[in-house]
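The values are calculated or read from the model by the stated rules, or taken from the named source; none is laboratory data. Not measured: the values here are computed from a predicted model. As a convention, Cβ positions derive from the backbone with ideal geometry for all residues, glycine included, and neighbour counts pool all protein chains shown. Accessible surface areas use protein heavy atoms only, side chains included; no ligands, DNA or RNA. Shrake-Rupley method; radii C 1.70, N 1.55, O 1.52, S 1.80 Å.
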Amino acid sequence: MGLFTSLVLFSPVSGVVLKDGAPVEEAEIRQELRLFDEKLPVQRALSDSSGRFHFAIVERRAGLSRIVPHEPVITQTIIITYAGKEYEAWIHTKNSYELNSELDGHPLRLQCELSREPDFEGKHYGICKAV
Amino acid sequence: MELSPADSAEIASSAYTLRDSTDMRRMAAAAPLTRHAFRLLDATRLTGTTGLGAPLNRTTGFGYVAWGEGARQGECLVSIRGTFMPSACDWMTNARLGGVNGPSGFCVHSGFWAAAQTILPQVRSALRGRNVSTIHLVGHSLGGAIATLLADSLGDTGCRLILYTFGAPRAGVGQHAEYLTNKLGTNNIFRVYHDTDLVPMVPVYPYCHAPYGSRAYAMKGPGKVISAAAHSMTTYAHSVGSLGWIGLPIREASLGSLEAAQVWLAAAADVSGPSIMLSATALRMILSSLDWILKQIGHGVGLALLGGATIVDRLAHLLYSGALQSIKLAGMIRQLMSAAMRFMGRTITATMNITVAFVQYVFDLLFRVISRLALRAAELMVR
């Protein structure tokens with residue numbers, strides 16, 4: 001831990017968009033992120049022919065934040081848009097700068113079923129489930 | 001029935017999610033154990049105003065009030081987050097031990113009470129017209145101090161009040177802590193702290209923790225020296241894990257004996273002894289010894305009510321007068337000065353004399369170091 005380590009604001013995400021169990025191509029996936037009240041640039045992805053999408057890790061140089069510990073409040077949201085309709089896919093507040101802290105150390109592999117009603121799973125809410 | 005340590009830890013943590021968000025689903029997502037017992041989606045968001053005064057004041061989310069269901073029907077949950085605010089830096093720092101008359105007429109910390117007063121009307125409003133049997137008040141850091149003063153304020157509701165704090169600073173003087181402990185009952189106060197967390201050690205005497213003269217849950221913090229990480233709610237949640245209250249290590253209150261204080265101070269003051277620089281145990285013992293010595297000299301609340309920069313002057317005069325009272329106290333005060341200097345990585349000569357100016361010098365230095373360490377722990381907690 002030091003000045004040059006990084007703060008993980010959003011761990012890498014791999015996911016698949018399904019509708020009634022079938023892969024959905026060209027769904028737009030939007031990843032939104034806020035660190036305290038600072039809005040970070042929105043990331044966008046399109047699902048491929050097998051419904052897959054991914055987002056790279058979002059991190060920030062630690063600087064003094066690493067040695068001046070505080071209570072992180074990282075607001076994470078993923079929205080899927082398909083056929084003109086928006087789906088709340090992932091709502092989570094990350095309270096640690098560690099990699100994969102969103103799922104207690106497990107990689108973010110998500111299955112997002114558009115026909116599913118958004119619900120809670122562990123410490124996140126939305127239509128995406130961890131797989 | 002009380003909340004479990006894991007429940008109360010996630011409740012304390014979940015209050016942070018509402019700082020900038022009004023989405024209760026986001027808060028409920030952070031509290032998977034609690035959302036089955038309390039209707040978190042219907043919770044009322046609490047806001048608080050912090051800052052240096054208008055127009056620099058800022059209103060942000062400070063927590064929530066939620067209602068129990070099922071087995072917890074009729075129970076209310078109040079969760080308050082910690083904060084960092086420029087005007088409240090003083091709450092942990094050197095000179096500002098300023099007290100005011102709190103909700104029950106006892107001296108409490110002015111900054112904590114000011115913060116609690118911005119939240120109290122919202123809690124009362126949420127309670128209005130409800131048939132409530134129990135109110136659970138939960139808070140981390142400053143949120144713990146605010147929850148303590150809310151518990152004091154809500155005594156007129158006639159409900160059972162249960163208080164849970166993590167790494168909270170001391171909210172009021174000894175008489176206040178004693179009064180609150182009697183009012184709530186020892187079994188209704190759950191105070192958790194890490195041994196390497198500085199924040200629960202401040203403000204110094206005459207401020208005291210509730211439960212007064214009773215137990216607290218003392219967890220092993222990361223490392224042996226004062227650590228800012230030891231103050232994090234994430235670290236607290238990890239420390240309590242899934243244990244029940246009965247499984248957590250309990251520290252019985254030690255009111256301090258002359259013999260224990262003497263033995264420790266003699267060892268800590270020994271310049272040829274092992275380094276105690278920034279040692280958490282050393283600081284705890286220095287502050288405990290200071291508490292003990294001030295108790296012997298017989299001054300308390302007056303010290304808190306002074307406030308402002310005069311506190312160090314008053315402290316120095318008190319210790320000086322104590323040194324004149326008895327040879328034994330003079331020896332302990334000399335050792336206290338030596339231990340405080342060694343904690344800061346400095347040494348003093350064995351022949352030094354206790355003068356008001358010298359005691360002022362040492363305490364000014366010590367409180368500056370405590371202030372710096374405390375700010376490191378709390379700064380940016382919530383920017």
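The listed residues are B:Arg334, B:Arg342, B:Arg368, and the only one of them that is in contact with a Ser or Thr (Cβ under 9 Å, 6 or more places away or on another chain) and at pLDDT 80 or above turns out to be B:Arg342. Restricting attention to the range B:318-357, which residues are farther than 23 Å from B:Gly273 by Cα and either surrounded by fewer than 19 Cβ atoms within 10 Å (Cβ to Cβ) or without any contact (Cβ under 8 Å) to a residue 40 or more places away in the chain (or both)? Residues satisfying the conditions are B:Leu318, B:Tyr320, B:Ser321, B:Gly322, B:Ala323, B:Leu324, B:Gln325, B:Ser326, B:Ile327, B:Thr355, B:Val356, B:Ala357. Note on the range B:36-58: residues that are modelled with pLDDT of 95 or more and within 11 Å of chain A (Cβ to nearest Cβ) amount to 2.
If I filter the range A:90-98 for residues that are open to solvent by 60 Å² or more (accessible area, probe 1.4 Å) and modelled with pLDDT of 95 or more, do I get at least one hit? No, the range A:90-98 has no match at all. Of all residues being of a type outside the set (Val, Ile, Thr) and more than 14 Å from A:Glu26 (Cα to Cα) in the range A:71-86, which is nearest to the other protein chains (Cβ to nearest Cβ)? Just the residue, please. Checking each candidate, the answer is A:Glu71.
Rundown of residues vs (1) on the phi < 0 side of the Ramachandran plot; (2) open to solvent by less than 40 Å² (accessible area, probe 1.4 Å); (3) at pLDDT 95 or above, yes/no style:
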residue	(1), (2), (3)
A:Gln31	yes, yes, yes
A:Phe55	yes, yes, yes
A:Gly63	no, yes, no
A:Pro72	yes, yes, no
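Identify, please: which residue in the range B:224-244 is touching a residue at least 12 places away in the same chain (Cβ under 8 Å) and facing chain A (nearest Cβ under 10 Å) and is, among those, surrounded by the most Cβ atoms within 10 Å (Cβ to Cβ)? Can you show your working first?
Kept after step one, since they are touching a residue at least 12 places away in the same chain (Cβ under 8 Å), are these residues of the range B:224-244: B:224-228, B:230-231, B:233-237, B:239-244.
The next check asks that each one be facing chain A (nearest Cβ under 10 Å); those that pass are B:227-228, B:230-231, B:233-235, B:237.
Details: B:Ser227: 23, B:Ala228: 25, B:Ala230: 27, B:His231: 30, B:Met233: 24, B:Thr234: 18, B:Thr235: 22, B:Ala237: 19.
Across the range B:224-244, the extreme among qualifying residues is B:His231.
Just one residue in the set B:Tyr217, B:Tyr212, B:Tyr193, B:Tyr236 is at pLDDT 75 or above and part of a loop (DSSP other than H, G, I, E, B); that residue is B:Tyr212.
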